[in-house]
Structures are given as C-alpha cells and as structure tokens.
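Notes to accompany the following structure.
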Amino acid sequence: MEMEGDTDIKKVLSYWMEGEINNFVKVWLSVYVSLSYCYLIAKIIPKGSRRLFAFIPVVLLFLSLPLKLHSMHLGGLTAFFIAWLANFKILMFAFNEGPLSDPSLSLPRFLAIACLPIKLQNSQNVNKNQFSQIEKGHKSLFNYAIKGFSLALFIKIYDYSDYMHPMIMLVIYSFHIYFCLEIALAIAAAMARALLGVELEPQFNEPYLSTSLQDFWGRRWNLMVSRLLRPTVYMPVLSLSTSILGRKWAPLPAVMSTFIVSGLIHELIFYYLGRVKPTWEITCFFLLHGVCLMVEIAVKKSIKGRLHIPRIIASISTVGFAMTTIFWLFFPPLLRCKADERAFAEYVSVGAFVKDFFRAFDFSA
C-alpha cells in the first residue's frame, strides 16, 4: 500500500507542476534573476541615464513575462506585481529614487521590496504618532477571517447565479475582487514580514468607508499604487503646472495625469487577463474619476470648509458613485473575457487538487 500511495503522490505533484504552475515558477525565477541583476548593476553604474539604459531590458522583460501565464489569479497578480509595481520601482531606482534606493538594503530585502506591494518601515526614523497610524492600519486576524469566509461564501453563491438578479451578482463581484486582492496582498505582506522581520504598511484601509473620492483614492484604496504614482507622475506634473497655473490650481492637472497613467496601466493588466483588444472602457473609468476628483478638489478650494456633509451621506454617495461607475465601465471588459467563470474554475481546480493531495496520503485503504 505504501508504494501505491507514493505513486499517487507523484501523480498529484506531477499534475500540479505541469502547465500554469510550471510556467509560474519559471516566470518568478526569471523575475528574481533579473532583479538581482538590477541590484548588482546599481553597485557599478551611477544613477542617471546610463543606469536607466541598463534597466530597460528588465523593464521590457517584465512587460512580456505575464504573457506566459493565463490564469486569473496567478497571471493577474503576477502582472500587477511585476509589470506595474516592479517596473515603476525599477524606473525610479535608475535615478536613485523610490523604495529601492536605500543603500543599506540586502539582496533579499531588495527583491521583496521590488516585486511585492510592501514598504519597509524603519523604526528608528518613525515617531510615536506614525507608529500609531501604522498600528491602526494593521487589521486583526478576525478581520481577515471574516473576509476569507465571505470570499468562500461568494464562491458558493456562484452556483446559484442563474437564479439571482444581475445587479446583485455585480455587487458580489465587487466585494469578491476587493476581498481577493486584500487577502492576497496580506499574505504577501505576511510572508515578507516573516522572512525579513520588518513592519509593513497596509495596502487597503476599508475603502467602503470612504467619505470622498480624495479619501477613496488617496487614503483607502491600493495605497502602494498611490505611493508609486505620486513621485513618478503626480509630483513632476505638479511641479510643472505650478509655474503655469500657480500653487492653488496646480494639483488639478497633476491629478488628471495620474488617473490617465493609471487607466492605461489598467488597460495593460486587463489585456494580460483576457488577451483581447482593448475597448478603452477602463481608461474611461479612470478619466471619469479623474475629472470628478478635479471637480471635488476645486469645489473644496472654493468653499474652504464652509459646507459640512454628514459622514453617512458622504460615504453613501461616494461608495454609490464608485460602485455605479464600476458596474458601468469596469466590469464589462472583465465579464466579456469570462473572468468570473475562469476564476470559479480555478477555485474548483484548487479544491480538486487539495482533495487529491490528501487522498494520496490516505493509507488506511
């Protein structure tokens, strides 16, 4: 019976390492080798155009590697981590800017910061008030357990999607995407914390509690992306527009430029997911939010705090606007490439693998 069990284990592991998983391992090995190259090159070539030129092949490689993967989860997260986060950090690093520019970083920390949505905290340079803000950002295990349970519940609900109103399913998709992203990023952050022994900044801050678009995009949703876009897009445009429009109105074109770049990058990520010609709905989504955020900023500057909207009304209107525009412009491209069906099929495949894996260790028969 023992030999039979060993055979079953080999079959399971062989299946698991084939196809997507095999490609996933190869992709990430390529990522780590490429980032190690960047780490070593920076020791030799000073910041500036020469270092940028040396990094360009890595940037192009990171744009092509997600094409090796086809799954919603492994492919989507890999595209986000390397085509977006890693590339932006590498481009900043070429000029000795950004989170990779710390000369004291070891290679393991460099690799973690480069390709994961984390930002290391230096406890010696953080005051008590900042520590308080960081601690508030970290969520309890109970918080993640509730979201994990909700995600599992959503997956079960999909079995009855034919009997549910399409609008209800869209709401479920919204929370599914948010919970899936937060849990995946929390796992990545926890792994980095365990391996590197550092405190990490949170990536989400309960976006469904947002009281304005500024609050949603700047303080609650995907904070790592906000931290990357600020020095690479927002600040350069702000500096340029200040000399033209003055300090009061300079943030408006800076905000719009940031949303344009974000929209184009999202189009790229969606292409990785569906491999279909862009319809530009995603770009329109970010353009719309950029325009609305510009209006919000302009109104706030004009009224200078003379009007106070109750928090509950502000939250309902902000989240309602976000959800409405997501249903209108964000979800259609996802649904056209059958992202929901593919994601569900991946959950089923993982469940089947887990069952087969444990069955392979059952020697009682």
*Of the cross-linked pairs K26/K89; K248/K277; K147/K300; K68/K89; K26/K338, which ones have a Cα-Cα span greater than 31 Å in the structure shown?*
K248/K277; K147/K300
*So what are the ³J(HN,Hα) numbers for segment 214-223, from phi and the Karplus equation (6.51, -1.76, 1.60; θ = phi - 60°), rounded to whole Hz, Gly and Pro as x?*
4, 5, 5, 7, x, 10, 10, 9, 6, 5
*Mind checking the full-extension length gain between S101 and Q214? Use 0.36 nm per residue of separation minus the Cα-Cα distance, one decimal, nm.*
37.8 nm
*Which order results if C115, C292, C337 are arranged by neighbouring Cβ count within 10 Å, fewest first?*
C292, C337, C115
*Note down the nm distance, to one decimal, between modelled labels 7 Å out along Cα→Cβ at L153 and at F321.*
2.9
*Please compute the net charge surrounding H70, taking Lys and Arg as +1 and Asp and Glu as -1 over other residues with Cβ under 13 Å from its Cβ.*
+2
*Would you mind working out the magnitude of the charge dipole of segment 203-365 relative to its Cα centre, with +1 at each Lys and Arg C-beta and -1 at each Asp and Glu C-beta, to the nearest 20 Debye?*
740
_Residue among M323, T283, L240 farthest towards the positive dipole end of segment 228-336, charges placed on Cβ_ = L240
*Residue-wise, which Karplus ³J(HN,Hα) couplings in Hz belong to segment 66-74, taking 6.51 cos²θ - 1.76 cosθ + 1.60, θ = phi - 60°, and x for glycine or proline?*
x, 5, 7, 10, 10, 7, 5, 7, 5
_So if each residue of separation counts as 0.36 nm, and I subtract the Cα-Cα distance between F53 and W28, what length gain in nm does that give?_
6.7 nm
*Extension gain N143-S64, at 0.36 nm per residue separation less the Cα-Cα distance, in nm?*
24.8 nm
*asked:* Once each part is reduced to its C-alpha centroid, what is the distance from segment 230-277 to segment 144-181 in angstrom?
replied: 31
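Only the coordinates and a few stated rules stand behind these numbers; no lab work does. Please read these numbers as outputs of a predicted model, since none were measured by experiment. Please note: Cβ atoms are built from the backbone with ideal geometry, for glycine as well, and neighbour counts cover all protein chains shown.
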